[in-house]
Structure formats: C-alpha cells, structure tokens
Amino acid sequence: MMAKRIPTILPDLTFNEALEITKIHSIAETLPKDKPIITNRPFRAPHHTISETSLVGGGISPKPGEISLAHYGVLFLDELPEFNKKTLEVLRGPLEDKNITISRVNASLTYPCNFMLVASMNPCPCGYYGSKEKECVCLPDAITRYINKISGPLLDRIDIQVEVNQVKYQNLEDTRPTESSQQMKERVNKARKLQQERYKKYGIYSNSELTPKLIKEYCKIDSKTSKILEDAFNKLGFSARAYNRILKVARTIADLDNKQNIELKHVAEAIQYRNLDKKYWKN
C-alpha cells in the first residue's frame with residue numbers, strides 16, 4: 001500500500017520525460033488507446049514468478065521489459081526473496097547504468113531504464129524474526145537461506161533500507177492530522193527544482209545522477225561530519241559504492257531541509273538508512 005503511494009509524491013513529469021515514457025510503452029504495445037501520451041509516472045509491480053526476459057526485456061524481436069516500462073517511475077518487487085535469485089541479479093547492471101542492452105542474432109537494442117527500485121520482504125519465512133510482538137518459529141538455517149536469496153551486491157545498490165514494525169491498533173485509531181501526499185510532493189518538487197538549477201550546466205536533473213567527480217564538488221562535508229562517516233565506514237564495512245550513495249542521499253536530505261550545505265544530521269540520517277543489511281545479513 002505504501003509503495004503504491006510513492007508515485008504520488010515523486011516530482012512532476014517534465015514534457016521530455018513524458019515523451020520518453022510514451023515511446024517505450026508504444027514500442028512495447030502497452031500504450032492505452034485512449035491515452036496518446038503518458039502523463040503520470042509509471043508504477044510496475046510484476047509477480048515473483050516473472051522471467052528474466054520479462055523483467056529486463058528481450059524476445060525474438062527484443063521489446064522493453066518491466067524495468068524499461070518503469071522508466072522515470074517505480075518498479076515494485078513485493079516479497080523480494082520469492083523472486084528467482086538469478087532474475088534479481090540481472091538488476092545490478094541496469095540499476096547502475098540506467099539502461100539495458102538486449103543482444104540477439106538479428107538485432108542489438110538499448111532501452112532506457114532509469115527507475116526507482118522499491119522492494120519489500122519479511123525477515124524470515126514466518127515473518128516474525130526480530131519481532132517484539134510474536135516469536136519466530138523458523139529454524140536458523142531456514143532464516144539464513146531465506147535472507148541469503150538477496151545478494152550483498154544487490155543490497156549495496158539499495159540506498160534506503162527501512163525496517164517496518166508491526167502496526168499497533170492504537171496507531172490505526174490515531175486521528176491526529178498527518179502530512180498529505182500533496183504536501184509531501186510540494187516539498188519534493190521544491191527540492192528537485194533546486195537540483196535542476198544546481199546541475200543545469202551538466203545536463204542532469206537530480207542528486208542520484210551525480211558522478212564521483214561531481215560528488216566531490218557538491219557533497220562537501222566538514223571535518224567533524226567526515227569523522228562520523230569514517231567511523232561508520234570502518235565499523236559497518238561500507239563499500240566505496242555505499243560511501244558515494246550515502247553522500248548523495250545526505251545531499252537530498254539537505255535539499256529537503258532547504259539547507260545549502262550538508263550538515264552532520266543529514267549524513268547521520270543517511271547512514272541510518274544503510275545499516276539494516278548489517279543487522280540481518282551478518283555474513
């Protein structure tokens with residue numbers, strides 16, 4: 001339910017983005033007949049039985065797969081460990097490159113796939129490992145096998161990892177006003193405009209597109225913040241990829257906070273989003 005709401009708070013589509021999405025869906029023959037141009041960000045949620053070809057694209061006449069149909073939108077994978085491990089591993093390249101090349105005897109085609117990967121999973125087969133409310137009944141080996149269906153390199157490419165605890169009845173009955181999707185979207189649009197203005201001379205639109213060279217220029221941190229990041233890097237065993245991604249997430253948090261510079265609290269929050277795999281994936 002939460003995943004389906006994500007497109008409602010993403011930045012408004014630009015005209016060029018809408019054209020790109022429409023072209024892909026036209027080639028895939030999934031463009032609605034009554035909708036000549038797609039104006040909303042895609043939300044794709046394939047079933048866990050999906051094949052590699054359906055996910056990344058292909059066929060005799062190579063057509064876009066789910067990752068391209070989710071271009072500039074959301075690809076949601078529910079119950080992540082239920083997907084074939086080999087199928088999940090093919091996501092590693094597209095998540096980095098933002099495009100996928102499909103080679104066949106008679107053709108070689110490259111499709112864009114700049115999507116947001118959103119995934120959900122239980123910590124074990126029964127769903128209660130680590131729960132404070134109910135005891136887990138799974139054997140240790142079963143938990144390990146279940147968790148290890150998700151490889152370290154794939155986890156390393158997931159910028160934000162959040163553990164969601166069981167919702168209590170009191171929370172469901174809570175009538176206090178909360179921030180609406182429209183209000184969230186206004187803040188997101190404001191942050192995106194800051195990024196578009198900041199990077200306009202480079203032809204990129206968001207912090208997620210920063211190269212290592214641009215990270216050094218636009219994600220500068222002071223010595224105190226650098227020490228905190230260094231300690232986390234050494235203690236949690238972060239990779240070089242994780243280091244860069246933490247800085248990009250911290251830059252985004254700072255933009256949402258309407259701060260010109262990245263502060264310690266922004267880096268601390270970004271680090272917090274990277275430690276879930278250290279709790280459950282211990283090897």
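Here, each number is a calculation from the coordinates, and none is a lab measurement. Nothing here was measured: the structure is a model prediction, and the numbers come from that model. FYI the Cβ positions are ideal-geometry reconstructions off the backbone, even for glycines, and counts take in every protein chain you see.
Observations on the model:
- Of all the options THR252, THR144, THR14, the one that moves most in a Gaussian network model of the chain with Cα springs shorter than 10 angstrom is THR14.
- Among the GluC sites (Glu not before Pro) in region 17-83, those located in a DSSP loop and surrounded by at most 15 other Cβ atoms within 10 Å of their own Cβ are GLU29, GLU79.
- DSSP-assigned coil residues among trypsin sites (Lys or Arg not before Pro) in region 149-179, each with at most 12 further Cβ atoms within 10 Å: LYS168
- Annotation: the residues TYR273, TYR202, sorted from fewest to most other C-beta atoms within 10 Å of their own C-beta, follow the order TYR202, TYR273.
- Backbone amide hydrogens, once placed in the peptide plane, bring GLY57 within less than 5 Å of GLY65, GLU66, excluding anything fewer than 5 places away on its chain.
- Where only C-alpha atoms are counted, convex hull volume of region 63-139 per residue in Å³: 110 Å³
- Each distinct pair of alpha carbons in the chain adds a 1/r term; the inverse of their mean, the Kirkwood radius, is 20.8 Å.
- Two-decimal ratio, region 181-280, of alpha-carbon radius of gyration to 2.2 N^0.38 Å: 1.10
- Distance between region 149-220 and region 117-143 - C-alpha centres, whole angstrom: 26 Å
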